[in-house]
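The values are calculated or read from the model by the stated rules, or taken from the named source; none is laboratory data. Since we're looking at a predicted model, the values are computed, not measured. A quick note on method: Cβ atoms are made from the backbone with ideal geometry, for glycine too, and the neighbour counts reach across all protein chains shown.
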């Protein structure tokens, strides 16, 4: 087993890339798991040295290395901090893929991944049904009954809290599937295609509608190709590379025919993974170029709004409140979008923006990390909430569904549900569009 | 009972790591090619625990390598003879900020940048600012006598350490110095510990001197079409009795790399760029920076820019700050050295480095602290290329020799470690090595404290 893993590391993880890490340690303060543990086993340069050790066949029990990689959030905050420009995220995903292909998962995790990943996220219909179940659960009163009977007590504490923060799923009838949404300005300024995302299209359906409304208001014709699927990020991050590749091809095909200026995402995690399709397919001669054409168009909705000068074109007003922003790691570290969301929030009149300390550090959500590594995830979240407290904010804004759920969980854990809320940037901006403006638009 | 079991009893199982993944994760510091695994990684919580650990190690002749954040560039914190890597993250408290005596007393595991932030919030200043200050610990900085960008005006770590507590190899705890500005009671043991690279004992606490925080800062960037003109500007600034807070230099190769990487707008036809900063009361600051600009223009600067805003200043600083990043991206292996010369010899030294790179057919760019003569010749190479690696080592030997010929030294701020131990005798002579060895023997007769560092294995002679 170890030999074949070593061999796979030799074949698939570039020695050049591993050696590029000069072990300077500049990644240490940027790495949330190092900051929490103060242990190099959980630092980026430590993980790189461990990948090298596996590659060199210097480690007998490779599962120790797998464990270290599992504890990694994959937030990629180490990449902008790295003087040598090491592509850590790529190596991490390749290494995880190798371990995934070589080894049975622990039963709990396997069950979790099987249901959430293979069954759910590859199939829009199935996620639709799953959310229908959730909707039924919420609307039927079963949720109340379940809470009363304390069914959730059988689950770990953070799962109980998670259950409480899941948003209400919109009624099925509301989820009509129109595919083009025309600009609301006299002249169309850009034509864009919307990447829906699977969580965003179901649990956060309203946020997608908000995003489309904002883009229309900013002068965009929005098309929504209906053959698109999940971005594949959760597969890719947990080592199921082949699943990710299939989804990538499906999405490239779905957007190829749409002649658009941009492909818009409103989920940092999805956006970053879509943006990396060219890397995912770089060794596939039939797809490499098509992937590149696709990734060149990927852009976060906040960047497009800023480019179209949205804050100056449209009045944004909100009730007085202190607002803070939690970066989506992949939006910041991979798509390099940090300023646009902040500028949009600051453009809202009535709201006071306060930057929280370490806003750029992961909230501990990291895809399904909060389910697979609950202890570390909750430790990181609890520190995050202390940073939120220093701002006195009552509104936490995020730009990714995982972060949004995690921040809601943080509010639940600190028992602040009556005084604090977490919202997606698109929903906050829509709220800030005055009613008059909406009507006149 | 094995020595590892004895140590487990002292600090608890949780704080002794012996798994392979842990040993691999502490096998390196920031120096290429000196990887070696320890036998255990130990995180004590107190001076008392360290005292017991040292006693166990001394009884069993087990090496102890103290390691802050492992950012050393001279293989000073690699466990090349095995043994224990000692960590300090459980001893990371600021113990006292004394605003009456202007001192701060800290445990060794405090991150240096956190000390700066803490004191600056009170209008005070801890000036030593190694580039790793957001990562490295004060214990590491003291052991290496770290420098930084502000050395010219403010000095280096040794100028701010008033006292240390340390555990010696025999288990004794010594308390050297204290809060007194004046203290001539016996040998200056505090100074002996500063820069001792963990070879004399384990520092468990330190008291540092603070100064008032300067009120304001001005930043100037000037480019030149020859190294001589830049160097002449530096000399004239000093000769005019101006002491800038920072006076940094980057050469043509570095300018090119920085421009390719971050497009900060440096003139790529320039041979040298100086980044100069002055701090102090606003009126004096402004007066000084304009004088310096005048001197630069007078000595043939092609361009000069004074930052109007803090944002612009940050952009100008970025030109110097991104030097290492820009160079490191160009090759798999990057070696950053710190040969240092009297500041009057900077132009000669930079020219000599260029000639040596050409002679040995290696790729070297130079940047550094022009104000204090501390240069960073940085070699971009690939340690898998054996023949090039040999040429790189030979080129650096030639650079160290040249620095010494010019009245300089083999290391200005990184320390000797294991990497530069072959060259120490060039600087201090055989007599110097002998005396240092006697000091080492007096403190650590069994050589358990960071063995293999400072002193070359073959006895201080260079194998050529």
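So in the stretch B:273-284, with the set limited to residues that are within 22 Å of residue B:231 (Cα to Cα) and touching a residue at least 60 places away in the same chain (Cβ under 8 Å), which one is surrounded by the fewest Cβ atoms within 10 Å (Cβ to Cβ)?
Of the stretch B:273-284, the ones within 22 Å of residue B:231 (Cα to Cα) are B:273-279.
Among the residues that remain, those that are also touching a residue at least 60 places away in the same chain (Cβ under 8 Å) are: B:274, B:277-279.
Values: B:274: 27, B:277: 26, B:278: 26, B:279: 22.
So the residue we want is B:279.
Out of everything in the stretch B:53-82 that is free of Cβ contacts under 8 Å to residues at least 60 places away in the same chain and in contact with a helix residue (DSSP H, G or I) (Cβ under 6 Å, 6 or more places away or on another chain), what residue ends up being surrounded by the most Cβ atoms within 10 Å (Cβ to Cβ)? Don't jump to the end; show me each part of the working.
Kept after step one, since they are free of Cβ contacts under 8 Å to residues at least 60 places away in the same chain, are these residues of the stretch B:53-82: B:53, B:56, B:59-60, B:70, B:79, B:82.
If we keep only those that are in contact with a helix residue (DSSP H, G or I) (Cβ under 6 Å, 6 or more places away or on another chain) as well, we get B:53, B:56, B:60.
Details: B:53: 25, B:56: 21, B:60: 15.
For the stretch B:53-82, the residue satisfying everything is B:53.
Tell me, which strands (runs of 3 or more DSSP E) lie completely within the stretch B:157-240 with 3 or more residues that are outside the structural domain of residue B:119 (by the TED database) and closer than 20 Å to residue B:127 by Cβ? So that I can check it myself, show each step before the final result.
On the way: elements: B:161-167, B:173-177, B:202-209, B:216-224.
Counting at least 3 such residues, we get B:216-224.
Just for the stretch B:106-133: of the residues that are assigned to a loop (DSSP other than H, G, I, E, B), within 13 Å of the chain's Cα centre (by Cα) and free of Cβ contacts under 8 Å to residues at least 40 places away in the same chain, which one is surrounded by the most Cβ atoms within 10 Å (Cβ to Cβ)?
Narrowing the stretch B:106-133 to residues assigned to a loop (DSSP other than H, G, I, E, B): B:107-110, B:121-123, B:126-133.
Restricting the remaining residues to those that are within 13 Å of the chain's Cα centre (by Cα) gives B:128-133.
When the remaining residues are screened for being free of Cβ contacts under 8 Å to residues at least 40 places away in the same chain, the result is B:128-129, B:133.
Working: B:128: 28, B:129: 20, B:133: 21.
Applying the filter and picking the extreme gives B:128.
Residues that are surrounded by fewer than 21 Cβ atoms within 10 Å (Cβ to Cβ): which strands (runs of 3 or more DSSP E) entirely in the stretch A:238-328 hold 2 or more of them? Even if it seems obvious, please write down each step before you answer.
Numbers: elements: A:262-265, A:298-300, A:317-325.
Result: A:317-325.
Assuming residue B:21 fulfils every condition listed in (1) farther than 30 Å from residue B:378 by Cβ; (2) within 13 Å of another protein chain (Cβ to nearest Cβ); (3) part of a loop (DSSP other than H, G, I, E, B) apart from one, which condition is it?
It fails just one condition, (3).
Among the candidates A:101, A:58, single out the residue that is within 11 Å of chain B (Cβ to nearest Cβ) and more than 16 Å from residue A:27 (Cα to Cα).
Numbers: A:101 fails: within 11 Å of chain B (Cβ to nearest Cβ).
So the residue among A:101, A:58 that is within 11 Å of chain B (Cβ to nearest Cβ) and more than 16 Å from residue A:27 (Cα to Cα) is A:58.
Given the conditions (1) within 25 Å of residue B:252 (Cα to Cα); (2) more than 14 Å from chain A (Cβ to nearest Cβ); (3) part of a loop (DSSP other than H, G, I, E, B), which single one is not true for residue B:414?
Unmet for residue B:414, out of (1) within 25 Å of residue B:252 (Cα to Cα); (2) more than 14 Å from chain A (Cβ to nearest Cβ); (3) part of a loop (DSSP other than H, G, I, E, B): (2).
Pick from B:356, B:404: which is crowded, with 20+ Cβ neighbours inside 10 Å and touching a helix residue (DSSP H, G or I) at 6+ places or on another chain (Cβ under 6 Å)?
Details: B:404 fails: crowded, with 20+ Cβ neighbours inside 10 Å.
Unique residue meeting the criteria: B:356.
Does residue A:74 count as away from chain B (no Cβ under 12 Å) and either in contact with a strand residue (DSSP E or B) (Cβ under 7 Å, 6 or more places away or on another chain) or part of a loop (DSSP other than H, G, I, E, B) (or both)? Steps first, answer last, please.
On the way: away from chain B (no Cβ under 12 Å): yes; either in contact with a strand residue (DSSP E or B) (Cβ under 7 Å, 6 or more places away or on another chain) or part of a loop (DSSP other than H, G, I, E, B) (or both): yes.
Considered against the rule, which asks whether it is away from chain B (no Cβ under 12 Å) and either in contact with a strand residue (DSSP E or B) (Cβ under 7 Å, 6 or more places away or on another chain) or part of a loop (DSSP other than H, G, I, E, B) (or both), residue A:74 comes out as yes.
Please work out which residue is surrounded by the most Cβ atoms within 10 Å (Cβ to Cβ), limiting yourself to the stretch B:206-221 and to residues that are in contact with a helix residue (DSSP H, G or I) (Cβ under 7 Å, 6 or more places away or on another chain) and within 30 Å of residue B:51 (Cβ to Cβ). Spell out the reasoning first.
Step one: list which residues in the stretch B:206-221 are in contact with a helix residue (DSSP H, G or I) (Cβ under 7 Å, 6 or more places away or on another chain), which gives B:206, B:208-210, B:213, B:215-221.
Then keep just the ones that are within 30 Å of residue B:51 (Cβ to Cβ); that gives B:206, B:208-210.
Numbers: B:206: 29, B:208: 23, B:209: 17, B:210: 23.
Looking at residues that are in contact with a helix residue (DSSP H, G or I) (Cβ under 7 Å, 6 or more places away or on another chain) and within 30 Å of residue B:51 (Cβ to Cβ), I get B:206.
If residue B:90 satisfies all but one of (1) over 22 Å from the mean Cα position of the chain (by Cα); (2) within 22 Å of residue B:2 (Cβ to Cβ), what's the number of the condition it fails?
For residue B:90, the exception is condition (2).
Quick one: is residue A:30 within 22 Å of the chain's Cα centre (by Cα) and outside the structural domain of residue A:373 (by TED's automatic domain parsing)?
Details: within 22 Å of the chain's Cα centre (by Cα): yes; outside the structural domain of residue A:373 (by TED's automatic domain parsing): yes.
Yes: the conditions hold for residue A:30.
Take residue B:70 and tell me if it is assigned to a loop (DSSP other than H, G, I, E, B) and more than 10 Å from chain A (Cβ to nearest Cβ).
Working: assigned to a loop (DSSP other than H, G, I, E, B): yes; more than 10 Å from chain A (Cβ to nearest Cβ): no.
No; evaluated as a whole, the condition is false for this residue.
Across the stretch B:77-90, what is the total count of residues that are assigned to a loop (DSSP other than H, G, I, E, B), more than 11 Å from chain A (Cβ to nearest Cβ) and within 23 Å of residue B:51 (Cβ to Cβ)? Before the answer, list the steps.
Quick first cut of the stretch B:77-90, residues assigned to a loop (DSSP other than H, G, I, E, B) only: B:77-83, B:88-90.
Still in the running and more than 11 Å from chain A (Cβ to nearest Cβ): B:79-83.
Filter once more, keeping what is within 23 Å of residue B:51 (Cβ to Cβ): B:79, B:81-83.
Total satisfying the criteria: 4.
Failed condition for residue B:230, given (1) over 24 Å from the mean Cα position of the chain (by Cα); (2) surrounded by fewer than 22 Cβ atoms within 10 Å (Cβ to Cβ), with all others met?
(2)
Inside the stretch B:39-52, can you point out the residues that are closer than 18 Å to residue A:59 by Cα and in contact with a helix residue (DSSP H, G or I) (Cβ under 6 Å, 6 or more places away or on another chain)?
Our first condition is that a residue be closer than 18 Å to residue A:59 by Cα; within the stretch B:39-52, this holds for B:39-41.
Those that are closer than 18 Å to residue A:59 by Cα and in contact with a helix residue (DSSP H, G or I) (Cβ under 6 Å, 6 or more places away or on another chain): B:40, B:41.
Quick check on my filter: what residues within the stretch B:24-50 are facing chain A (nearest Cβ under 10 Å), farther than 12 Å from residue B:7 by Cα and not in a loop (DSSP other than H, G, I, E, B)?
Answer for the stretch B:24-50, where residues must be facing chain A (nearest Cβ under 10 Å), farther than 12 Å from residue B:7 by Cα and not in a loop (DSSP other than H, G, I, E, B): B:24, B:25.
So which strands (runs of 3 or more DSSP E) are wholly in the stretch B:320-386 and hold at least 3 residues that are over 16 Å from the mean Cα position of the chain (by Cα) and either over 20 Å from residue B:256 (Cα atoms) or away from chain A (no Cβ under 13 Å) (or both)?
Working: elements: B:333-336, B:364-369, B:374-381.
In the stretch B:320-386, the matching strands (runs of 3 or more DSSP E) lie at B:364-369.
Somewhere in the stretch A:17-25, is a residue modelled with pLDDT of 95 or more and either touching a strand residue (DSSP E or B) at 6+ places or on another chain (Cβ under 9 Å) or in the same structural domain as residue A:244 (by TED's automatic domain parsing) (or both)?
No; the residues of the stretch A:17-25 include none that is modelled with pLDDT of 95 or more and either touching a strand residue (DSSP E or B) at 6+ places or on another chain (Cβ under 9 Å) or in the same structural domain as residue A:244 (by TED's automatic domain parsing) (or both).
Only residues in the stretch A:18-41 that are within 9 Å of chain B (Cβ to nearest Cβ) and on the phi > 0 side of the Ramachandran plot count as the first member; pair them with residues that are buried (at least 24 other Cβ atoms within 10 Å of the Cβ) and assigned to a helix (DSSP H, G or I), Cβ under 7 angstrom, at least 6 apart or cross-chain, and list the lot.
From residues that are within 9 Å of chain B (Cβ to nearest Cβ) and on the phi > 0 side of the Ramachandran plot, the pairs are A:23/A:45; A:25/A:45.
Count, please, the residues in the stretch A:42-55 that happen to be over 20 Å from residue A:276 (Cβ atoms) and facing chain B (nearest Cβ under 10 Å). Before you say what the answer is, go through the steps one by one.
First pass over the stretch A:42-55, keeping only residues over 20 Å from residue A:276 (Cβ atoms): A:42-43, A:45-46, A:49-50, A:52-55.
Filter once more, keeping what is facing chain B (nearest Cβ under 10 Å): A:42-43, A:45-46, A:49-50, A:52-54.
Number of matching residues: 9.
Determine whether the stretch B:302-315 contains at least one residue that is crowded, with 22+ Cβ neighbours inside 10 Å and away from chain A (no Cβ under 14 Å). Please lay out each step first, then the result.
Of all residues in the stretch B:302-315, those crowded, with 22+ Cβ neighbours inside 10 Å come to none.
No, there is no match, as no residue in the stretch B:302-315 is crowded, with 22+ Cβ neighbours inside 10 Å and away from chain A (no Cβ under 14 Å).
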